[in-house]
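Notes follow the structure.
The values are calculated or read from the model by the stated rules, or taken from the named source; none is laboratory data. Just so it is clear, the model here is predicted, and its values are computed rather than measured. Every residue, glycine as well, gets a Cβ built from its backbone with ideal geometry; the counts of neighbours run over all protein chains shown.
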Amino acid sequence: MNKPSVSAGVVAGVALGAAALGAAAVAVRAACLQVARTRNGLARVKRVHDEGGDEVRVLVQGGVYQSASYVGERWAEPVFAYYRAFDDVFEAEDAMRDAYGHGINRMLMLGGGGFAYPKFALMSHKVLRMDVIEYDGEITRLARRWFYLDELEHAVGDRLRVITAEARSYLGVTSVGHRRYDVVVSDCFGGAEPVRELATVEALRLVRAA
C-alpha cells in the first residue's frame with residue numbers, strides 16, 4: 001500500500017492572488033508608518049482599516065500588499081483568506097498518523113514577510129514547530145517592529161526559528177539531510193511576481209527531498 005505523499009506537501013500562495021485578496025480586505029485610506037530600503041526595493045508599512053473599521057497594518061512592496069496584520073488583540077488572526085487556506089494542509093494529519101505514526105509536527109515556511117501565517121499556525125497548533133526562511137533581514141526587522149513577530153517569538157519560544165537565507169539555497173541544504181519537515185509552505189514573491197527559482201521542477205524536487 002502506497003503511503004500518502006503528504007510529508008512533502010507544498011501549499012503555494014501566489015502574489016497575484018495575494019494582491020487581489022489584499023485589495024478586497026482593506027480600505028484604501030492609508031497612513032504611512034515607515035519606509036525602508038530592502039533587497040527588493042522600497043517597502044512601506046501602512047496603517048489602513050478593514051470594512052468593519054478595524055485597524056490593519058500592511059506591508060506594501062512593488063505596488064501590492066505583501067502581508068497584513070490586525071492591530072491589538074487580533075494580532076495573530078489572518079487578514080487575507082489565503083493565509084487560512086494554507087492551514088487546510090492539517091486535514092491530512094489523520095492520514096499522516098496512519099502512515100507515519102505522527103501528525104504535522106515540523107513545518108518549513110519559505111518567505112516570512114510580515115509572518116502572518118506563522119503567527120496563525122503557531123498560535124493555533126500548540127505542538128507545531130516551524131522554521132521560517134526570510135532572505136531579507138530588513139523585512140524581518142519590520143516584522144518585529146510592526147507585525148508582532150516579537151510577540152510571537154515571546155509566546156512560542158523555540159518552536160519558531162527565523163533563518164535569514166535564500167529559499168532555494170536552503171532547500172538544497174535540507175535535501176542532503178540537514179533537516180526534515182512534514183510540510184513545506186511557500187509564500188515567496190516580490191511585488192506582483194512569484195519567485196521564479198522556486199517555480200521549477202528542480203525546486204519542487206528539492207522540496208520533496210526536504
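Below is a table of values for the structure above.
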{"read-out": "Hits in the range 54-72 - residues which are farther than 11 Å from Tyr148 by Cα and either outside any strand (DSSP E or B) or at pLDDT below 90 (or both)", "value": "Asp54, Gln61, Gly62, Gly63, Val64, Tyr65, Gln66"}
{"read-out": "Candidates Tyr170, Tyr181, filtered to the one that is of a type in the set (Ser, Thr, Tyr) and in a loop (DSSP other than H, G, I, E, B)", "value": "Tyr181"}
{"read-out": "Single residue of Val132, Val184 found to be in contact (Cβ under 8 Å) with a residue 60 or more places away in the chain, buried (at least 22 other Cβ atoms within 10 Å of the Cβ) and in contact with a helix residue (DSSP H, G or I) (Cβ under 8 Å, 6 or more places away or on another chain)", "value": "Val184"}
{"read-out": "Qualifying positions in the range 143-169 - in contact with a helix residue (DSSP H, G or I) (Cβ under 9 Å, 6 or more places away or on another chain), closer than 24 Å to Val195 by Cα and touching a residue at least 24 places away in the same chain (Cβ under 8 Å)", "value": "Ala143, Phe147, Leu149, Leu160, Val162, Ile163, Thr164, Ala165, Glu166, Ala167, Arg168"}
{"read-out": "Answer residue from the range 56-82, given it is in contact (Cβ under 8 Å) with a residue 60 or more places away in the chain and of a type in the set (Ser, Thr, Tyr) and is surrounded by the fewest Cβ atoms within 10 Å (Cβ to Cβ) among those", "value": "Tyr82"}
{"read-out": "Matching residues, the range 94-129, being free of Cβ contacts under 8 Å to residues at least 24 places away in the same chain and in a helix (DSSP H, G or I)", "value": "Asp94, Arg97, Asp98"}
